[in-house]
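Student: Here's a structure for you.
The values are calculated or read from the model by the stated rules, or taken from the named source; none is laboratory data. Computed from a predicted structure; not experimentally measured. For neighbour counting, all protein chains shown are included, and Cβ atoms are generated from backbone atoms with ideal geometry for every residue, glycine included. Just the protein is used for accessible areas: all its heavy atoms, side chains included, with ligands, DNA and RNA removed. Shrake-Rupley method; radii C 1.70, N 1.55, O 1.52, S 1.80 Å.
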Amino acid sequence: MASKRVAASAVDWAALAARVPQSQKGMFNAFKGKSDAYLRRVLTAPENLPKIDFNAYKARIAVPGMVEEFQKKYEAIAVPYPADTYSAQITEVQNASAVETQEFIKGSEARIVKIKEDLAQWENMIPFEQMTMEEFAEQFPSETIDLDNPTFWPHTPEMALDYVEKEEE
């Protein structure tokens, strides 16, 4: 009976566990344990109020109208199930996240292609230990020394390795 109330919000723990990183399995298992405990507590509660045999009470209680009044109040009790006010917002966020995810996947696929091209270039390259200066200049033109404009020397005395400030006399 109570399972009808919970069935709509049941969680697919196997699918969720497949997405949890190994480093967070402990926290996931603790969360699942708490969730299962809450679910067991909900399932132990009856779906409807228990039925009371008011005729038996009418035969035993001598005060006139007391049982009828109690019966009327008992039958008037209605515990409302909370209204679902968040599913629409969750679906909206889910749809927006799906669009962002697809954009990220497309961008990632483009980056993967570029990185694979770069990797192929690095794998086909001669190791640095075996490279000549000309081969290095071919592979890395931005890193080579321009003999007409050598900019690798320090521009100020403070940037020079052996700089010692002269004392004024």
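Student: All but one of (1) touching a residue at least 12 places away in the same chain (Cβ under 8 Å); (2) open to solvent by 80 Å² or more (accessible area, probe 1.4 Å) hold for Gln71; which doesn't?
Tutor: For Gln71, the exception is condition (2).
Student: Please find, among Ser108, Ser142, the residue that is among the hydroxyl-bearing types (Ser, Thr, Tyr), open to solvent by 90 Å² or more (accessible area, probe 1.4 Å) and either under 30 Å from Glu47 (Cβ atoms) or assigned to a helix (DSSP H, G or I) (or both).
Tutor: Values: Ser108 fails: open to solvent by 90 Å² or more (accessible area, probe 1.4 Å).
Being among the hydroxyl-bearing types (Ser, Thr, Tyr), open to solvent by 90 Å² or more (accessible area, probe 1.4 Å) and either under 30 Å from Glu47 (Cβ atoms) or assigned to a helix (DSSP H, G or I) (or both) holds for just one of Ser108, Ser142, which is Ser142.
Student: Now for a different question. Which of the residues that make up segment 111-139 are in contact with a helix residue (DSSP H, G or I) (Cβ under 9 Å, 6 or more places away or on another chain) and not in a helix (DSSP H, G or I)?
Tutor: Within segment 111-139, the first condition is being in contact with a helix residue (DSSP H, G or I) (Cβ under 9 Å, 6 or more places away or on another chain), and the residues that meet it are 121, 125-126, 128, 131, 136-137, 139.
Result: Met125, Ile126, Met131.
Student: Looking at segment 1-92, what helices (runs of 4 or more DSSP H) fall wholly within it and have at least 2 residues that are of a type in the set (Phe, Trp, Tyr)? Break it down stepwise before answering.
Tutor: Details: elements: 3-7, 13-19, 25-44, 54-60, 66-76.
Passing ranges, in order: 25-44, 54-60, 66-76.
Student: Something else now. Please go through segment 31-68 and give me each residue that is in contact (Cβ under 8 Å) with a residue 24 or more places away in the chain and of a type outside the set (Ser, Thr, Tyr), ordered by number.
Tutor: In the first step, residues of segment 31-68 are kept if they are in contact (Cβ under 8 Å) with a residue 24 or more places away in the chain; the result is 35, 39, 42-49.
Scanning segment 31-68 gives Leu39, Val42, Leu43, Ala45, Pro46, Glu47, Asn48, Leu49.
Student: Run Val20 past the list (1) of a type outside the set (Lys, Arg); (2) closer than 30 Å to Lys72 by Cβ; (3) touching a Phe, Trp or Tyr at 6+ places or on another chain (Cβ under 9 Å) and report the number of the one that doesn't hold.
Tutor: (2)
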